[in-house]
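Notes follow once the structure below has been shown.
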Amino acid sequence: MLTYTDLTIPIKDPGDWTLANVLRGQAAERPDAVYLDAPEEGRTWTYAQVLDISESVASTMLDAGLVVGDRVLIQAGNSSKLVFTWFGSMVGGLVEVPINTAYEYDFLAHQVRTSDPRCAVIDDVFAQRFVDVADACAGITRYWVIDTGHLDEALATLRGAGWQADPFDDLLERRDVTLPVPRGRELGAIFFTSGTTGPSKGVAMPHSQFYFDACENVALTRLTADDVYMVTTPLFHGNAQWLAAYPALVAGARFVLRRKFSASRWIDWVRESGVTVTNFLGVMMDFVWKQPERPDDADNALRCIFAAPTASSILDGFRKRFGVEAFVEVFGLTETSMPILSPYGVERPPGAAGLLVSDWFEIQLVDPETDEEVPVGEVGEMVVRSKYPWTLSSGYYGMPEKTVEAWRNLWFHSGDALRRDEDGWYYFVDRYKDALRRRGENISSYEVEQAILAHPGVVECAVVAVPAPVEAGEDEVLACVVVTGAADPAEIREFASRRMPAFAVPRFIRVVDALPRTPSEKVQKNVLRQAGVTPDTYDALA
């Protein structure tokens, strides 16, 4: 059986698997090489400069009364200051808690209460949000505020509510403080799950898991010091932090940070910065593909794209159009690192996510009701455990009952339905909560969505089950689509029917202005299911 065997870890002692150790090592080895490149800010910073600023941030926070293990909440858009806050927190033995920039009111209050931070670093435009949930912020003693044009107003708002608040630039003054030496097993960050089906959970990530994730990405993309890794996704997501910025640090590469994604400007940015590696999440790849083709699209240095998931229907065309050498993919969760990776440059079977990283993980696909392993080829819930300590999350912060539930029988239960073929390739089928069954057949909402998204007039798509009026206990398939122009639901269904088995073709198509989303941009399929078949829904059997 095939497995993934290309992973190597540069630092041998897991106790040294910390960002502080990696950053100091790179600053010593390549002090004058550029690490951080922020084109919208018109600035670059070398490895030595990044280390100096990070240590200044750490010293100021510790001088302000924070102690090792205290949580540092960060709510800010992509910028160098967010990077310095993240790095400074980890260098100072503090715990980074990045919060989605869309969060306010109950969403924000829940994550503040759960993580119980001692200080917060925020963009000035978010100050009022914390005043609005002041009861939840009782543990916050200090704010540092990033200036995006409203600094004075933000400082006055926070100080008026009784908090100590200072400009971010105060963090850049080095204090006479002895910095701690973080160890790999200590808590380094808390990342929150999306909260699609319930309150978001704070995933407690030790420093060593953070580093291990980064090393997985270095192997996945074959990243070296000669590479330029561009990110357009938000830094409050792990996809940008430990799967892009941190791997660039581990490899000694240049990290290009863009404020946000733009499908129309993406290829220009790739060319302008000499980008060799970048990543896509969700429909980003499809959005770029649907931009008008240019004769110079392939005139760039790009060699590798990490796409999660890879849009297989446009893969060959995308590779040829933009001159991309390799697409790579993984399957993993914040809680588990990435137990499944795709070998670089190896042709995957259509739809395959990758192979088991067998030196580091064990995987079983099990019946979600009994935890008994299913036969090869059948769909089961992926459960994971690590062969070495501190490479998985240490649990859900402040939620012990959720930790016990997820780690029952000594395996982490992903809630994801996968299958494995005889050769060892793993295929994502669905989230169990999003799975459908119709006429005795299991249907992957993901696969139906991918088929519909291939339609040139469809911008976004979410597929859910609705109750079947006749077939008791099974489903009918409803596709909710966002379209351009006057795309016809009947024509979309006909288009899709040529790309999937008859039992999977949606009976119902509903055109919507936008898909409901959580603040972290996850589609709220529970909202679509609750709405069901509305009067404006197209019914193929009507």
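Just so you know, all these numbers are worked out from the coordinates, no wet-lab data involved. Predicted model, so just to flag it, every value in this text is computed and none were measured. Using ideal geometry, Cβ is built from the backbone for each residue, glycine included, and neighbour counts are taken over all protein chains shown.
Brief remarks on what is shown
- Helices in the chain, meaning DSSP H runs of at least 4 residues, each add -39500 (n - 2.57). Divided by all residues, the mean residue ellipticity at 222 nm is -7500 deg cm²/dmol.
- Volume of the Cα convex hull of the stretch 435-539, divided per residue and given in Å³: 100 Å³
- q = 0.14, 0.17, 0.22 Å⁻¹, the stretch 92-158: log10 I(q)/I(0) [Debye, one scatterer per Cα]: -0.38, -0.56, -0.95
- Flagged links, alpha-carbon separation over 29 Å, of Lys290/Lys522; Lys402/Lys525; Lys320/Lys525: Lys320/Lys525
- For the stretch 256-333, the list of GluC sites (Glu not before Pro) that fall in a loop by DSSP and count at most 14 other C-beta atoms within 10 angstrom reads Glu293, Glu325.
- Degrees separating the helix 207-221 axis from the principal Cα axis of the chain, which is the longest one: 60 degrees
- On the beta carbon distance between Asp539 and Ser313, with R0 = 30 Å, the FRET formula returns roughly 0.70.
- In the stretch 155-310, the alpha-carbon atoms span a convex hull of 194 Å³ per residue.
- Förster radius 45 Å - calculated FRET efficiency between Leu410 and Glu441 (Cβ-Cβ, nearest 0.05): 0.85
- Remark: the Ala301-Val527 segment gains 77.1 nm on full extension, using 0.36 nm per residue and subtracting the alpha carbon distance.
- Size of the stretch 398-445 as Cα extents on the principal axes (Å, biggest first): 40, 28, 15
- Volume in Å³ per residue [convex hull over Cα atoms, computed for the stretch 345-454]: 155 Å³
- Across q = 0.09, 0.11 Å⁻¹, the chain modelled as identical point scatterers on its alpha-carbon atoms has Debye log10 I(q)/I(0) values of -0.68, -1.03, in the order of the q list.
- Share of alpha-carbon pairs per 5 Å distance bin for the stretch 330-387, given as whole %: 4, 18, 24, 25, 20, 7, 2, 0
- Estimated Rh, the stretch 204-430: Kirkwood, alpha-carbon pairs, angstrom: 18.4 Å
- Largest-first ellipsoid semi-axes for the stretch 372-427, taking √(5λ) over the Cα gyration tensor eigenvalues, angstrom: 25, 13, 9
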